Amino acid sequence: MSPSPTVVPGAEPFAHDAGRVGVLLSHGFTGSPASMVDWGRDLAERGYTVRVPRLPGHGTTWQEMNRTTWRDWYGALDHELDVLRERCDAVVVAGLSMGGCLALRLAEQRPADVAGVVLVNPAVASRDPRLKAVPVLKHMLPSMAAIGGDIKKPGVSEGAYDRTPLRALHSMMQLWDDVRDGLDRVQSPVLFFRSVEDHVVDDSTLALVREGVRPDLLTVVELTDSYHVATVDHDAPLIRERSAAFVAEITGGITDGVDRG
C-alpha cells in the first residue's frame with residue numbers, strides 16, 4: 001500500500017467549534033482550503049461553528065486528484081454536514097466554483113439539513129468548446145494547462161495545481177449534469193455572488209440557477225473588483241459581510257451559544 005501524499009503547506013483543513021449555527025465551506029476544483037480559510041476564520045470570530053475540509057485529491061498532487069471522482073469530493077462534504085448537524089441546530093453550506101456545485105447538491109439531496117446556500121462563482125455548466133473533447137482526451141493525456149489562480153489581487157494564491165487532471169475534470173462535468181437535473185429540489189435560500197469579470201466560469205451557470213431555483217429563494221450579488229477566486233480577491237470583505245448577514249438572517253431564531261461575558 002503506497003503512502004498517502006503529503007499535504008502542501010497552506011492546504012490544511014480548518015475547523016472551529018462554537019455556537020449552534022454551523023457553516024460548511026468548500027473550496028473549488030484543483031484548489032485547496034487556502035481559498036476559504038480566511039472566510040472561515042471570519043465566521044468563527046462571529047461565533048459560528050465552521051468546517052473547511054480539504055476535498056480528496058486536493059492539496060497534494062494533481063496525479064493523486066486524477067484518482068478521485070466527484071463522489072469522493074461530495075462524500076467528504078456530506079460527512080462534514082453530518083458532523084455539523086450533530087452539534088448544530090442549523091447549517092449553511094457555501095462553496096467556491098465547483099464547491100458551489102457541491103453545495104447545491106447538498107441542498108438538493110438533504111433539504112432538511114441545509115438552512116441556506118452561499119455560492120461564489122459556482123459552476124454547473126460551461127460553454128467552453130474545449131470541454132467537449134475531455135471524455136476522449138482523458139484516455140490519451142493525463143492533464144492539461146491549469147485553470148486555477150484567476151485572481152485580480154496581486155500576490156495572492158488559492159493553492160491550486162499547476163496542471164488540470166483530465167479524468168477528474170471529466171468527473172466534475174458529470175457532477176454538473178447531476179446537479180443541473182436537481183436544481184428544482186433546492187428549498188433553502190441561496191445567496192449567489194458573481195464576479196462581473198471571471199475568466200474560468202461563464203454566465204451559463206447563473207442562467208441555469210435562475211431557471212431551476214425558485215425566484216423568491218435566490219439573491220444575486222455582483223462582484224465588480226474580483227476575478228474567479230473572489231474569496232481571496234478584492235471583494236473578499238464584501239463576501240464575508242454579506243454572507244454573515246445572510247447566515248444571521250436565515251438562522252435568526254437560533255442563539256449562537258457563545259458566552260460573551
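The values are calculated or read from the model by the stated rules, or taken from the named source; none is laboratory data. This one's a predicted model, so the numbers in the text were calculated from it and none came from an experiment. Neighbour counts are summed over all protein chains in view; Cβ atoms, including those assigned to glycine, are modelled from backbone coordinates with ideal geometry. For accessibility, only protein heavy atoms count, side chains too; no ligands or nucleic acids. Shrake-Rupley method; radii C 1.70, N 1.55, O 1.52, S 1.80 Å.
Listed values, structure above:
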| read-out | value |
| --- | --- |
| Among (1) in contact with a Gly (Cβ under 6 Å, 6 or more places away or on another chain); (2) open to solvent by 20 Å² or more (accessible area, probe 1.4 Å); (3) over 20 Å from Y161 (Cα atoms), the one test that E64 misses | (3) |
| Within segment 100-116, considering residues that are more than 10 Å from the chain's Cα centre (by Cα) and in a helix (DSSP H, G or I), the one surrounded by the fewest Cβ atoms within 10 Å (Cβ to Cβ) | A112 |
| Selected residue (only one of D113, D78 is free of Cβ contacts under 8 Å to residues at least 40 places away in the same chain, in contact with a strand residue (DSSP E or B) (Cβ under 9 Å, 6 or more places away or on another chain) and of a type in the set (D, E)) | D113 |
| Out of R71, R54, sole residue that is charged (D, E, K, R), in a loop (DSSP other than H, G, I, E, B) and at pLDDT 95 or above | R54 |
| Pairs where the first residue, in segment 136-149, is farther than 30 Å from V232 by Cα and the second is surrounded by 11 or more Cβ atoms within 10 Å (Cβ to Cβ), C-beta under 7 Å, 6+ apart | L137/L166; K138/L166; K138/R167; K138/H170; L141/L166 |
| Failed item in (1) assigned to a loop (DSSP other than H, G, I, E, B); (2) in contact with a helix residue (DSSP H, G or I) (Cβ under 9 Å, 6 or more places away or on another chain); (3) of a type outside the set (G, A, S), with V7 passing the rest | (2) |
| Single condition P189 does not satisfy, out of (1) exposed (fewer than 15 other Cβ atoms within 10 Å of the Cβ); (2) under 28 Å from G47 (Cβ atoms) | (1) |
| From S157, S97, S126, residue being in contact (Cβ under 8 Å) with a residue 40 or more places away in the chain, open to solvent by 50 Å² or more (accessible area, probe 1.4 Å) and of a type in the set (G, A, S) | S157 |
